[in-house]
1. Once Rh for the stretch 84-143 is found with the Kirkwood sum over Cα pairs, what is the Stokes-Einstein diffusion coefficient at 37 °C and 0.692 mPa s, in µm²/s?
2. Could you state how much accessible area Glu9 has, in square angstrom rounded to the nearest 10, with a 1.4 Å probe and all protein chains kept in place?
3. For each pair in Lys89/Lys176; Lys89/Lys183; Lys70/Lys183; Lys79/Lys185; Lys86/Lys176, compute the distance between the two Cα atoms and list the pairs where it is over 30 Å.
4. Around Asp173, which amide H atoms from residues at least 5 apart in sequence, or from another chain, sit under 5 Å from its own amide H, with H modelled in the peptide plane?
5. Volume per residue, Å³, of the convex hull around the alpha-carbon atoms of the stretch 37-117?
Amino acid sequence: GFIKAGSGEMRVMGVETIRGRPAWRGRFTVHGGVLALRVDDVLETWMDVTTLSSLRFDQDFKEVGRERQKTFDIFPDRKVYLQRGKTEKPSVANPLDDGSFLYFIRTVPLVVGEVYEFDRYFIPDRNPVTVRVLRRETVSVPAGTFACIVLQPIIKAKGIFSENGHAEIWLTDDAKRIMVQMKSKLAFGSLNLYLRSISFAAPAEASK
């Protein structure tokens, strides 16, 4: 409800090497709660710097007395994935996970009123991933006021983009497609994220 009981953050940590391939490492965290209803979730994705395909996906969730830790190694070239401690399973071409999907969707031409479906979630039976382009809207957040395009992504898996989460994402309505705001309903309440600050690399640095 109106009680602020925690915080969340989405951050790109840098570039790391996964099986000889350079990969962006993205981290998404949620911390907080009230009394016994505590949450400490960390989701990490490693995305190929060129294709944004998932190479590794890690979930470390501690929610209301339950703990769940899963690490998936994903092999786009062979179209398979491996959950550590289990056997290898078939995947899909150009696989995505919950985290890398946020960055991939910024590359898609988005038209208000359209519904897009992608068979790219790395666990095949969770496909298709659906994205509804809902509306245009101007919003004010700590980083400033932005004209945005609003999306509703739906993934057939537990998490912030589950079918029951009714998540919405605000991206700037321009070529940059910067994520300005995100809202989702979770089992313990709601999650609202707002862009606090933004800066751009100098041309020489960006060219690297």
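The values are calculated or read from the model by the stated rules, or taken from the named source; none is laboratory data. What you are looking at is a predicted structure, and each value in this text was computed from that prediction instead of being measured. The area values use the complete protein model at the heavy-atom level, side chains included, leaving out ligands, DNA and RNA. Shrake-Rupley method; radii C 1.70, N 1.55, O 1.52, S 1.80 Å.
1. D = 239 µm²/s.
2. 80
3. Lys89/Lys176; Lys89/Lys183; Lys79/Lys185; Lys86/Lys176
4. Amide H to amide H, under 5 Å and 5 or more residues apart or across chains, Asp173 pairs with Ala147, Cys148, Ile149.
5. Measuring per residue, one finds 125 Å³ for the Cα hull of the stretch 37-117.
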